[in-house]
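Data first, discussion second: the structure below is written as structure tokens.
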Amino acid sequence: MQSCTTCKLTPIYLTTKEEVQKMTTKKLQWQPIESEQLRNEVERTVRLTAERLKEATWEHDASLAGGAAGLCLLYGALDHLFPEEGWDLIGHQSLIAIQQRLQTAGVPNLSLWSGLSGTVLAVQALSRGGERYQKMQASLLHSLLEQLPAHIEEARSRIANELRITDYDAVLGLAGIGRVLLAFADREEVRAALHEVLSYLVTLSGEKEAHGTLVPAWHIHSHLHMREDEFDRYPQGSFNLGLSHGIAGPLATLSLALLQGVEIPGQREAIQRFGAWIEHYQTREGNALLWPGRVSFESWQSGHCAEKVHTPYSWCYGAPGIGRAMWLAGKALDHTDWKEAGIAAYLGVADRIDSQWDLCTPNICHGWGGLLHLVQRMYAETGLAELAPCRDELARRVLDSFSEQHPYGFNDPASTTQHKPELLEGASGVALTLLSLLAEDAPEWDMALLIS
């Protein structure tokens, strides 16, 4: 890695090592919202949205991101909070839709957000702690484990010359698949597969040759970018930092595995390499800690951070997602500077409490809903007083975006398809982030975001 001293962050907030350590080791408390008025408004809005989502149809999509599997997470969370109200039966209908889709069209891929791994999470969400749907879950896991070795081998073969973001990322790649496997790591056959996924991510943290020099192995060549407009923008390729599509995803999965006691050779070193690279490119704008969404090959080679920092405060890109990954890595390796970076990122979010956070939609992926849940997750773990009013303000902003004129209560004004029932960019995801503010215990569904 080239040196870039201008990008090295000096501490913004005077958090002592002792305070950071206390935040890391304190017993996890979810700390739901306290205002009775706000709680009532949240519950009312979630119920209205969930009722409307009963009318959603999923003939063409069973995925977690845009189909019936995503709705299972919402109905599973409703069943957990209100077990006598029959939400499990409604969720069961979504599982039937998934089963029918798999029987007619098969499994599109193995990924978390559009494939088989997401279906595994959907079943788990409605299983009441594994008590239900055991045969269905076992069948899905068997299918995933059966196909995974060839999938990993193919992805591994592309690292040197044909690496695609979707090989490794959280949404479609092995970082997301690995997080699902981690949820079942107590099963011997799953643990063996998980080790292979982690081994791939360790390899990804190394180096390869590109343009006549050694580069970080996660370099993406120009013609392999996900969007056509990036072909010309990055003529010699780029390195992606985001939590959804960048190396913050592998960093989070490796760190979560280590925190859960799952470790393979080279894992700690891989976390160190990913974390140090992300740390190298962090910068600040006023009191906000920020990262670029991507670093071009030319910027990496010159040692200068030519790219603008990514200002929207979202899960997919920017300080909330990347800062969360750094916090997890800091906890995994007991790295105070990285834990400090995670704290600083969220205090920077709280500093903008009177702004729009550069967002215009309530959804999870790149909107207020995702930011709300990330702030809540960090507030629960750190107890930082500054994050409570930030969390409540975000909740009110999400609630204000609800309208009974919208088919599902929430819409996405930034999308050509504004009225979406789906999880990642639609109403069911927004409702799920709100619902999580009422629970007394931390949710499990947000493992899909690689933040827990």
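Measuring how big the chain is from its alpha-carbon positions, Rg and Dmax come out at 20.8, 64 Å. Extent along the principal axes, Cα only, for region 149-240: 46, 25, 19 Å, with the longest axis given first. All alpha carbon pair distances within region 406-452 were sorted into 5 Å bins beginning at 0; the resulting P(r) in whole percents reads 5, 21, 25, 21, 14, 11, 3, 0.
Rounded to the nearest 20, the size of the Cβ-charge dipole of region 89-196 about its Cα centre is 380 debye, with Lys and Arg at +1 and Asp and Glu at -1.
Two tests apply to each whole DSSP H helix in the chain, Cα reach of 15 Å or more along its axis and mean Kyte-Doolittle hydropathy of at least 0.0, and the ones passing both are 68-81, 87-105, 188-204, 248-259, 319-333, 336-351, 368-382.
Note on M447: accessible area is roughly 20 Å² with a 1.4 Å probe, heavy atoms of protein only.
Lysine pairs in the chain whose alpha-carbon atoms fall under 23 angstrom of each other, counting only those eight or more residues apart or on distinct chains, come to 16.
Quote the Stokes-Einstein diffusion coefficient, in whole µm² s⁻¹, for region 306-382, based on the Kirkwood radius over alpha carbon pairs, a temperature of 20 °C and a viscosity of 1.002 mPa s. The calculation lands on 171 µm²/s. Evaluated on region 222-298, the Kirkwood hydrodynamic radius is 14.0 Å, with distances taken between all distinct Cα atoms.
Of the solvent-accessible surface of region 316-452, computed with a 1.4 Å probe over protein heavy atoms with every protein chain present, carbon and sulfur atoms account for 44 percent.
Between E51 and Q147, the simple label model (points 7 Å from Cα in the Cβ direction) yields a spacing of 3.9 nm. On the basis of the beta-carbon distance and an R0 of 56 Å, E131 and R233 show a calculated FRET efficiency of 0.65. Of the whole protein surface, D232 contributes about 140 Å² of accessible area at a 1.4 Å probe radius. Largest accessible area first, the listed residues H280, H373 line up as H280, H373 when surface is computed with a 1.4 Å probe on the assembled protein chains. Ligands, DNA and RNA are left out, and with a 1.4 angstrom probe the accessible area of region 181-255 is 37 Å² per residue. For region 329-441, the Cα gyration tensor yields ellipsoid semi-axes of 28, 14, 13 Å (square root of five times each eigenvalue, largest first, whole Å).
Set against the 2.2 N^0.38 Å expectation for a compact globular protein, region 48-168 has a Cα radius of gyration ratio of 1.16.
Around the amide H of E207, modelled in the peptide plane, lie the amide H atoms of A217, all under 5 Å away and 5 or more residues distant in sequence or on another chain.
Each other residue within a Cβ distance under 13 Å of A332 adds +1 if Lys or Arg and -1 if Asp or Glu, for a net charge of +1. Of interest is the spacing of the C-alpha centroids, which for region 207-265 and region 308-383 amounts to 20 Å. Here is the list for region 395-452: GluC sites (Glu not before Pro) lying in DSSP coil, each with at most 12 other C-beta atoms within 10 angstrom of its C-beta, are E404, E440.
The values are calculated or read from the model by the stated rules, or taken from the named source; none is laboratory data. Predicted model only: the values in this text are computed from it and were never measured. Neighbour counts run over all protein chains shown; Cβ positions are idealised from the backbone, glycine included. Please note that ligands, DNA and RNA were not included when accessible areas were found on the heavy atoms of the full protein model with its side chains. Shrake-Rupley method; radii C 1.70, N 1.55, O 1.52, S 1.80 Å.
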